[in-house]
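For reference, the structure discussed in these notes is given below.
Each value in this text was obtained by applying a stated rule to the coordinates, not by laboratory testing. Note that the coordinates shown come from a computational prediction; the quantities given were computed from them, not determined experimentally. Virtual Cβ from ideal backbone geometry, glycine too; neighbours counted across all protein chains shown.
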Amino acid sequence: MSSIKIELRKQDIEKIREIAASFGNDEQELINVLHKCQEHFGYLPAEVQEVISEALQVPLAKIYGVVTFYSFFTMTPKGQNPVSICMGTACYVRGAEKVLEEFKKELEIEVGQTTDDGRFSLSSLRCVGACGLAPVVMVGDKTYGRVAPDDVKDILKEYS
Amino acid sequence: MDKKIKQLRLVLRNCGFIDPENIDEAIARDAYLSMGKVITEMHPAEAIKIVKESGLRGRGGGGFPTGLKWEFACNNKADRKYVVCNADEGDPGAFMDRSVLEGDPHSVIEAMAICAYCIGAGEGLIYIRAEYPLAIKRLKTAIAQAREYGLLGKNILGTGFSFDIELRYGAGAFVCGEETALIHSMEGLRGEPTVKPPFPAESGYHGKPTNVNNVETLACIPVIFSKGADWFSKIGTERSKGTKVFALAGKVNNVGLVEVPMGTSLREVIFEIGGGINNDRKFKAVQTGGPSGGCLTEEHLDTPIDFDNLIEAGSMMGSGGMIVMDEDDCMVSVAKFYLDFTVEESCGKCAPCRIGNKRLYELLDHICKGKGDMADLDRLRNMSEVIKDTALCGLGQTSPNPVLSTLDNFYDEYLAHVMDKKCPAGQCRGLMEFFIIEENCVGCTACARVCPVNAIAGERKEPHKINKGICIKCGACMEKCKFDAIIIQ
Ligand SMILES: Cc1cc2nc3c(=O)[nH]c(=O)nc-3n(C[C@H](O)[C@H](O)[C@H](O)COP(=O)(O)O)c2cc1C
Ligand code: SF4
Ligand code: SF4
Ligand code: FES
């Protein structure tokens with residue numbers, strides 16, 4: 001699983017158990033439990049999955065299978081400023097690929113990675129429903145529309 | 001030109017006219033009136049008959065007759081049944097369902113209750129993408145308000161009919177829009193499809209009869225009961241009734257949601273409502289049906305849009321994405337774009353889809369890089385046919401459509417890539433050449449110094465030259481040049 005080992009604090013373990021219990025420790029609610037845990041921790045490291053496994057009495061392998069199946073779940077922490085580039089069709093035909101290349105170059109990371117200083121992470125997503133503004137970039141909750149490769153430096157500057 | 005002329009707001013009837021967080025405003029525009037009528041005055045069989053007569057077909061992509069689907073679920077006896085609303089909307093570049101859920105959540109809730117009454121279900125589930133936080137919030141509010149008014153819950157309107165709705169969240173997997181995968185996902189499993197039959201109407205959620213309908217399909221239901229099956233079936237074409245909402249995007253002047261009667265032509269949507277192509281460029285293609293659909297050309301522009309015509313033309317209705325492309329778009333790259341999507345979203349359960357689509361993608365990539373030959377075009381077609389015939393679920397069965405339709409409609413462009421090693425649209429970098437314009441070059445040597453393969457030669461203060469044989473097309477020189485002397489062609 002993930003190479004970074006983390007140590008869960010006592011209150012973290014309790015929090016996970018609490019979340020699982022709020023769904024009646026029901027194995028069918030696994031996806032809801034994972035959503036809530038990711039909301040709380042920001043990501044789903046192996047250690048968190050272990051606690052869920054115990055609470056729901058579901059094999060860890062199955063939880064890992066579910067976490068890795070769905071792209072919304074992540075096992076690596078996101079950066080403080082998660083950058084997402086829409087690669088939906090509308091954005092693609094309006095040049096999203098070039099914008100993505102520019103972000104990769106500026107941040108020196110690939111999609112799915114986080115910068116060493118933890119400030120930015122890069123991901124691509126499929127249509128945020130703002131196709132009229134294509135190509136669309138999101139940094140955290142903020143949406144940028146009609147982004148050109150030349151705008152990338154300025155956008156990143158806002159967060160430095 | 002009046003943008004509204006050709007449009008007919010039926011699914012979007014309330015969007016923008018009501019405060020979606022206030023049930024009174026919805027009720028003022030007749031929300032729950034149809035439900036009241038159905039559950040107090042009609043026998044389920046009678047109500048199903050009306051849905052059948054309306055000619056409504058599923059808007060989630062398949063176009064299956066809704067009334068018939070309800071009848072199957074109704075006829076399958078069980079102690080429990082479920083009504084599921086499919087709000088997974090995975091087609092990238094489409095957001096019709098999201099707009100309905102955000103703008104008029106009560107229409108979906110009302111329709112689910114009508115469906116539940118018809119098939120004999122007591123519980124409803126809405127499977128919605130976690131990426132739609134506002135839609136989730138509005139649905140939660142709407143459900144709570146409906147409960148408060150006794151329009152959901154036990155003994156609705158004193159009729160003895162009980163029905164309630166819960167939300168289930170998706171987690172970013174396109175294949176979960178497929179109904180069997182969706183049901184597995186709601187059960188807390190990986191969202192992998194299973195072979196049909198059994199259809200959900202026989203054995204769905206928890207193995208019980210389950211009726212799955214798309215958001216837009218459901219949004220039509222209250223109107224059918226308030227205005228009558230006859231009224232509804234007068235709109236549209238012979239075999240496709242009512243309206244369809246499209247998310248118009250790409251290189252058109254007016255982008256956004258468009259709702260038109262079935263049978264409207266692509267030309268009317270793109271040129272009249274959409275206001276034509278951006279920057280006066282030339283129309284090249286329109287893609288419908290998302291990753292399952294195809295690219296249509298100029299010659300299809302006057303085709304009346306309906307389920308059957310689009311399939312005949314080599315595309316499909318899909319959920320309603322409509323992406324317009326102009327002469328700057330390379331159709332081989334577009335096909336590659338969709339395959340990239342499919343490869344990423346394939347659940348991996350069956351080999352034709354998992355491996356076949358990957359091979360298709362590699363072939364297209366090969367061609368875009370100028371390494372393809374004629375045999376590759378045959379390989380593309382053969383492989384596509386095999387995947388279509390052998391994949392387990394709808395994702396794999398339709399994933400080669402973007403390839404097949406571009407091969408059919410833009411064969412010349414493929415030929416240009418493999419024979420002349422040229423990309424007519426100027427998109428494929430691998431097929432282009434870097435040039436130094438002599439007049440602009442001042443001989444600063446910046447390009448020569450940055451070139452990783454020493455492909456640039458020239459004396460200081462003299463125009464430089466790129467050796468095409470050595471150049472690996474990395475683009476580094478172009479970026480370095482301060483005098484715009486380097487171009488790609
Ligand atoms: C790969 C795949 C993805 C699908 N995605 C969706 C979707 O996002 N939304 C949807 O309503 N139907 C989707 N469908 C269609 C559903 O399987 C199902 O046919 C539909 O929800 C039935 O509702 P309808 O009869 O009202 O159209 C998808 C099908 C496939 C094969
Ligand atoms: S066709 Fe693709 S998505 Fe469908 S079951 Fe097979 S591998 Fe999974
Ligand atoms: S594109 Fe790259 S390889 Fe080609 S000449 Fe320029 S720097 Fe050299
Ligand atoms: S495709 Fe990017 S917002 Fe829709």
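A few comments on the model shown:
- 3J(HN,Hα) from dihedral phi, the range A:126-140, Karplus parametrisation 6.51/-1.76/1.60, rounded to Hz, x for glycine, proline: 10, 6, 9, x, 10, 4, x, 9, 4, x, 10, 10, 10, 10, x
- Here's how it looks for residue B:129: its modeled amide H is under 5 Å from those of B:170, which are all 5 or more places away or on a different chain.
- Close amide H partners of residue B:82, meaning residues 5 or more places away or on another chain with modelled amide H under 5 Å apart, are B:210, B:211.
- Mean separation of Cα contacts under 8 Å (6+ apart) over length of the range B:153-279, as relative contact order %: 11 percent
- Rel. contact order, % - alpha carbon contacts under 8 angstrom, at least six apart, the range A:7-59: 46 percent
- Per residue, the average separation of C-alpha pairs within less than 8 Å and at least 6 apart gives chain B a relative contact order of 13 percent.
- Both radii come from the Cα set of the range B:243-326: Rg as radius of gyration, Rh as Kirkwood radius; their ratio Rg/Rh reads 0.91.
- Beta bridges from DSSP with both residues in chain A: antiparallel share about 55 percent, rounded to the nearest 5.
- Percent of beta bridges antiparallel (DSSP, the protein assembly as shown, rounded to nearest 5): 55 percent
- 3J(HN,Hα) along the range B:131-141: 6, 10, x, 5, 4, 5, 4, 5, 5, 4, 4 Hz, from the Karplus curve 6.51 cos²θ - 1.76 cosθ + 1.60 with θ = phi - 60°, whole Hz, x for Gly and Pro.
- Other protein chain C-beta atoms within 10 Å of residue C-beta, averaged over B:169-177: 4.
- With the charge dipole of chain A set up from +1 on Lys and Arg Cβ and -1 on Asp and Glu Cβ about the Cα centre, the Cα lying farthest toward the positive end among the listed residues A:115, A:48, A:75 is that of A:115.
- Given chain A, longest segment not containing exposed loop GluC sites (Glu not before Pro) (DSSP; at most 16 other Cβ within 10 Å): A:8-107
- Semi-axes of the equivalent ellipsoid of the protein assembly as shown are 45, 31, 23 Å, computed as sqrt(5λ) over the eigenvalues of the C-alpha gyration tensor in descending order.
- Relative counts (whole %) of C-alpha pair distances in chain B, using bins that are 20 Å wide: 22, 48, 23, 7, 1
- Exposed loop positions in chain A were taken to be trypsin sites (Lys or Arg not before Pro) whose DSSP state is not H, G, I, E or B and which have at most 11 other beta-carbon atoms within 10 angstrom. Between these positions, the longest stretch is A:10-160.
- Relative to the longest principal axis of the Cα atoms of chain B, helix B:215-227 runs at roughly 40 degrees.
- Mean projected area of the convex hull spanned by the Cα atoms of the range B:43-194, taken over all viewing directions: 9.2 nm².
- Residue by residue along A:63-76, Cβ atoms of other protein chains within 10 Å of the local Cβ number 4 on average.
- The range B:48-138: trypsin sites (Lys or Arg not before Pro) in DSSP loop, at most 10 other beta carbons within 10 Å: B:77
- Rg over Rh for the range B:118-183 works out to 1.05, both radii taken from alpha-carbon positions and Rh defined as the Kirkwood radius.
- Under 17 Å of direct C-alpha separation, and excluding same-chain neighbours fewer than eight residues apart, residue B:140 reaches these lysines: A:36.
- Cβ-based charge dipole, the protein assembly as shown, positive-most Cα from B:481, B:384, B:7: B:481
- Straight-line cross-link partners of residue A:62 among the aspartates and glutamates, defined as a Cα under 17 Å from its Cα and at least 8 positions apart when in the same chain: A:26, A:27, A:29, A:47, A:50, A:54, B:187, B:192.
- Where both bridge residues fall in chain B, DSSP classifies roughly 55% of the beta bridges as antiparallel.
- Neighbouring Cβ atoms from other chains, within 10 Å of the Cβ of residues in A:127-138, number 5 on average.
- Cα-Cα separations in the range B:188-273 greater than 20 Å, expressed as whole percent: 56 percent
- Note on residue B:299 and residue B:282: the extension gain reaches 4.7 nm, defined as 0.36 nm multiplied by sequence separation minus the Cα-Cα distance.
- Close amide H pairs (under 5 Å, H built 1.01 Å from N) link residue B:167 with B:126, residues at least 5 positions away or on another chain.
- The angle between the Cα long axis of helix B:66-75 and the longest principal axis of the Cα atoms of chain B comes to about 50 degrees, rounded to the nearest 10.
- When you filter the trypsin sites (Lys or Arg not before Pro) in the range B:357-411 for DSSP loop state and at most 16 other Cβ atoms inside 10 Å of their Cβ, you are left with B:369, B:371.
- For the protein assembly as shown, size of Cβ-based charge dipole, Lys and Arg +1, Asp and Glu -1, in debye: 240 debye
- Between the alpha-carbon centres of the range B:124-166 and the range B:201-253 there is a gap of 20 Å.
- Rg over Rh [alpha-carbon atoms, Kirkwood Rh] for chain A: 1.04
- Seen against the Cα atoms of chain A and their longest principal axis, helix A:46-56 is set at about 40 degrees.
- Total lysine pairs under 18 Å (Cα atoms) in the range B:34-101, excluding pairs fewer than 8 apart on one chain: 6
- In order along the range A:116-124, phi translates into HN-Hα couplings of 4, 7, x, 7, 10, 10, 10, 9, 10 Hz, rounded to whole numbers, per the Karplus curve 6.51 cos²θ - 1.76 cosθ + 1.60 with θ = phi - 60° and x for Gly and Pro.
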